[in-house]
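Reading through the structure tokens given below for one structure.
All of the numbers you see were taken from the coordinates with simple rules; none came from a lab. Computed from a prediction, not measured in an experiment: that's the story for all the values here. Ideal geometry is used to build each Cβ from the backbone, glycine not excepted, and the neighbour counts take in all protein chains shown.
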Number of protein chains: 2
Amino acid sequence: MRGRVEDKYNAHAVCRAVFKPEAVPFPMTPGPDQPARVDLREACIAEATAIIELRGIESLSLREVARRLGVSHQAPYRHFPSRDHVLAEVIRRSFAEFAAALNAPPRTDNVGADALAMGMAYVQFALSRPLQYRLIFGGALPDPERHGEMLNGARAAFGVLQNLLTRIFTERGQPFDQEAVNREALFIWSSLHGIVSLMRSDALDTLELSPDTRNGFAMIALQRVGVALGVAPSLTPGPQAKETER
Amino acid sequence: MRGRVEDKYNAHAVCRAVFKPEAVPFPMTPGPDQPARVDLREACIAEATAIIELRGIESLSLREVARRLGVSHQAPYRHFPSRDHVLAEVIRRSFAEFAAALNAPPRTDNVGADALAMGMAYVQFALSRPLQYRLIFGGALPDPERHGEMLNGARAAFGVLQNLLTRIFTERGQPFDQEAVNREALFIWSSLHGIVSLMRSDALDTLELSPDTRNGFAMIALQRVGVALGVAPSLTPGPQAKETER
DNA sequence: TACATGAGTTGACACTGTCTACAAAACTAC
DNA sequence: GTAGTTTTGTAGACAGTGTCAACTCATGTA
């Protein structure tokens with residue numbers, strides 16, 4: 001290998017994201033017996049993820065990934081047929097993390113509280129990792145036909161919503177209705193997506209609204225989702241109807 | 001100009017988008033008296049818009065724009081300092097068109113109907129021009145600091161919402177409260193954005209829900225916005241609360 | 001020990017945005 | 001009308017990109 005021993009496979013990124021801290025250590029510089037054959041595929045994904053989280057999907061370059069890892073510009077192509085395949089794998093993992101985040105809050109016997117916790121987990125994920133959120137929901141995905149696994153996490157996340165809704169319906173003593181469960185799951189999803197998208201939008205920034213308004217909006221919007229699901233009391237009735245028809 | 005008279009400035013794109021059909025015609029090949037000096041700047045924007053609407057923002061290339069217009073790869077740089085400036089101008093116009101679309105439905109004396117019309121106009125715009133919608137709300141905008149005009153249309157669109165909300169509040173006899181108007185305007189915006197985003201999402205496609213579910217979701221979601229604003233009757237109560245606290 | 005395979009390398013190609021230098025056309029001043 | 005200036009378009013270069021092909025070399029297997 002032509003005597004270049006600099007920072008082959010960039011210990012920084014690899015240690016940070018590929019191996020868990022307690023995992024088997026590997027020698028920085030290849031020893032004579034231990035050839036330091038760390039999985040370049042994993043290192044590429046880790047580095048690509050780091051770049052995307054830092055500067056967004058459009059400035060992901062496989063050549064930069066290779067450069068950062070101290071390998072030739074073609075090395076990543078030994079493990080991925082194309083840039084889109086790297087992207088698809090990063091997206092697949094991001095979706096999986098998203099689904100895991102939704103599923104993270106422990107289940108209690110109060111379905112309303114669980115719904116709230118899931119909503120907060122959604123918002124938390126979207127706001128704390130905006131570029132990752134944009135990556136999976138921004139709409140610039142590689143062709144899903146060609147990358148079947150990519151959206152597994154999306155289905156898992158929707159499953160979390162479905163489970164939640166099923167619990168709510170059941171607790172209310174209503175007959176099981178998959179159609180209704182799906183409709184309500186989509187409703188939650190779209191509402192939460194709308195809220196977090198707006199909160200991180202340049203278009204919103206330009207309006208120069210007070211932080212009070214922005215936060216207040218998010219609060220009432222979230223609360224109204226709860227109201228529509230029957231798991232939150234109606235507190236913020238918006239513009240009052242003169243006479244509510246019922 | 002070195003005797004190249006092919007399709008300088010590509011009559012197709014120019015006629016289609018720069019000039020309205022009834023506008024002054026211009027000679028395809030420059031006549032001796034009429035130098036055919038059509039505005040290359042406008043032609044660039046038209047061509048860039050066409051590319052973006054067809055293949056999305058990431059595959060916009062200034063060199064391709066130039067090629068299509070039959071000019072040298074540097075010609076567009078006489079009119080725009082950089083690719084981002086072309087993009088910013090396309091985005092500025094898209095925002096303006098969006099605001100105009102929201103404002104298009106004629107005002108009646110039924111504010112509830114007007115609200116519904118605006119909501120439909122929003123959805124119509126987003127679904128009929130998905131790439132344009134993604135362009136302005138997808139979150140990959142050039143730095144708004146450097147392109148001040150770019151978001152004018154966003155402010156105008158928000159103004160349409162504010163006006164609508166002000167009318168609703170006024171009709172309900174409630175005191176003017178700018179804070180509340182803004183909050184409710186954001187609520188509408190986020191709800192509509194969530195709905196249309198989901199309807200055009202690869203993540204949703206992968207769930208393979210029935211068209212009934214997808215359309216049903218959009219309907220109840222839209223209807224619930226109306227309910228929250230007090231301009232629509234509550235028809236689709238979701239999971240029933242056992243006992244609504246009030 | 002021969003050979004096949006996998007993994008990384010180099011070098012090319014076509015493409016991109018953008019810089020510089022140049023040419024021609026258009027406008028302005030006399 | 002002619003000289004000079006400004007505007008507009010061109011040509012060539014440079015560094016960056018994704019990707020293809022050909023190469024080396026270490027490894028595992030027959």
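So here's what we get for this one:
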read-out: Chymotrypsin sites (Phe, Trp or Tyr not before Pro) restricted to the stretch A:135-194 and DSSP loop, no more than 10 other C-beta within 10 Å; value: A:Phe176
read-out: Per-residue average of Cβ from other chains inside 10 Å of A:126-139; value: 3
read-out: Cut-off 13 Å between beta-carbons: net charge of the residues surrounding B:Pro142, Lys and Arg +1, Asp and Glu -1; value: -4
read-out: Inter-centroid distance (Cα atoms) of the stretch A:187-226 relative to the stretch A:42-56, Å; value: 28 Å
read-out: Environment charge of A:Arg214, counting only residues whose C-beta is closer than 12 Å and scoring Lys/Arg +1, Asp/Glu -1; value: -2
read-out: For the stretch B:45-108: relative contact order, % (alpha-carbon pairs under 8 angstrom, 6 or more apart); value: 28 percent
read-out: Cα gyration tensor category, rounded, prolate or oblate, for the stretch A:91-229 with a/c compared to 1.5; value: oblate
read-out: Projected label distance in nm at B:Arg93 and B:Tyr77, using a 7 Å step from Cα toward the beta-carbon; value: 2.3 nm
read-out: Peptide-level mean, for A:219-231, of C-beta atoms on other protein chains within 10 Å; value: 4
read-out: FRET efficiency, A:Leu127 to B:Met219 (Cβ-Cβ, R0 30 Å, nearest 0.05); value: 0.55
read-out: Spin-label zone in the stretch B:87-119 - amide nitrogen under 16 Å from a point set 7 Å from the Cα of B:Gln174 along the C-beta vector; value: B:111-112, B:115
read-out: Net charge of Cβ neighbours under 11 Å - reference B:Val65; Lys, Arg +1; Asp, Glu -1; value: +2
read-out: Positive dipole terminus of the stretch A:132-233, leading residue within A:Phe187, A:Gly138, A:Asn163 (C-beta point charges); value: A:Asn163
read-out: Cβ-derived FRET efficiency at R0 41 Å, B:Ala104 paired with B:Ser234, nearest 0.05; value: 0.90
read-out: Three-way shape call for the stretch B:70-137 based on the alpha-carbon gyration tensor, with the a/c threshold at 1.5; value: prolate
read-out: Sparse-neighbourhood loop sites, GluC sites (Glu not before Pro) in the stretch A:144-199 - DSSP loop, at most 10 other Cβ within 10 angstrom; value: A:Glu145
